1. Mind pulling up the Rg/Rh value for the chain? Radius of gyration and Kirkwood radius, both on Cα.
2. Rank these for me by crowding, 42, 83, going from fewest to most other beta carbons within 10 Å.
3. May I ask you to give the average projected area over all directions of the convex hull of the Cα atoms of the range 4-107, in nm² rounded to one decimal?
4. Step through the residues of the range 60-74 one at a time and calculate ³J(HN,Hα) from phi using the Karplus curve (6.51 cos²θ - 1.76 cosθ + 1.60, θ = phi - 60°), rounding each to whole Hz and writing x for Gly and Pro.
5. Estimate the FRET efficiency between residue 89 and residue 154 by the formula 1/(1 + (r/R0)^6), using the beta-carbon distance for r and 45 Å for R0, to the nearest 0.05.
6. What nm distance separates the two modelled labels at residue 180 and residue 114, each placed 7 Å from Cα along Cα→Cβ?
7. Determine the calculated [θ] at 222 nm for the chain from helices alone, applying -39500 (n - 2.57) to every DSSP H run no shorter than 4 residues and normalising by the residue count; nearest 500 deg cm²/dmol.
8. How much length is gained if the chain between residue 55 and residue 77 is pulled fully straight, taking 0.36 nm per residue apart and subtracting their Cα-Cα distance, in nm to one decimal?
Amino acid sequence: MADDTRAPVVTALRARGKDRVEIDLDGHLWRVVPTEAVFAVSLSVGRVLDRTTARALGRELRKLEAQALALRALRARDHTVASLERRLTERGAPPSLRRETLDAVQRAGLVDDHRFARKRSSLLAKRGAGNELIVDDLERQGVADDDIRAALVALEPESARAMRIAEVRGRTPKTARYLASKGFSEESLEALVADLSADAID
C-alpha cells in the first residue's frame, strides 16, 4: 500500500461556474467539487492529497451534500426536525451527519417545530379540520406534545369552528356526520346535536 510520500499532488485548481472547483492531481483532472469544500480542507496547488486530507475532503463533501438535501426539502415545503431527519435517513446520511445538519438548520431558523405546529394547525383549521385530525397530522409530522397543545390553544375554539361550518352547510344530521369525519370531537358537536334533537321534538 502506498504511503503519504507517494500520494498524488494537487497540480491545478480551476473555478468552474460560481461555486465549483476542478481539481487536478498529478496533471490530470480528478474531480469537480464545491468551492466551500476546497476552502474547508485548505486545498492548494502543490499540496499532497494524503490519506488524512482525502478523508477530510470526503467528510466535507458528505456534509455539504446533506445540507443541500435539507435545503431542497425545505424549499419544497416546511418540515419538522423529525420529518427532515427522516428525509436525511432515507438518503443514507449517517447519524452524526444528520445531527450536525439538523443543528445547522435549526440555528439558522429554517426549522422550528413550534412555528411549524402553529402554521400547520392554522392551515388545517381553515380547511375545516377538527382538533383530532389536526393532532393526528402533527403527530405524524413528529411534533412534540407540548408544541401540539400550544398550537391548539392558539386556534379559535373547536366548538365555534364547528358551528360556523354548520351555519354554512346546514344544521342537519349529515353535517354532524361530516364534522365527526373531519375530526371534531363529540364535545364540540354537542350544541349542534342539541339543536337537531330540539328540532326533532318540535
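1. Using only Cα positions, Rg/Rh for the chain is 1.30.
2. Values: 42 9, 83 18.
Ranked by crowding around the Cβ, least crowded first: 42, 83.
3. Working: hull surface 30.1 nm².
The number I arrive at for the range 4-107 is 7.5 nm².
4. Each residue of the range 60-74 in turn: 5, 5, 5, 5, 5, 5, 5, 5, 5, 4, 4, 5, 5, 5, 6 Hz.
5. Computed FRET efficiency for residue 89 and residue 154: 0.90.
6. 3.8
7. It lands at -19000 deg cm²/dmol.
8. Length gained, residue 55 through residue 77: 4.6 nm.
No lab work stands behind these numbers, since they all come straight from the coordinates. Source: prediction; values computed, not measured. No Cβ is skipped: glycine too gets one built from the backbone with ideal geometry, and neighbour counts run over all protein chains shown.
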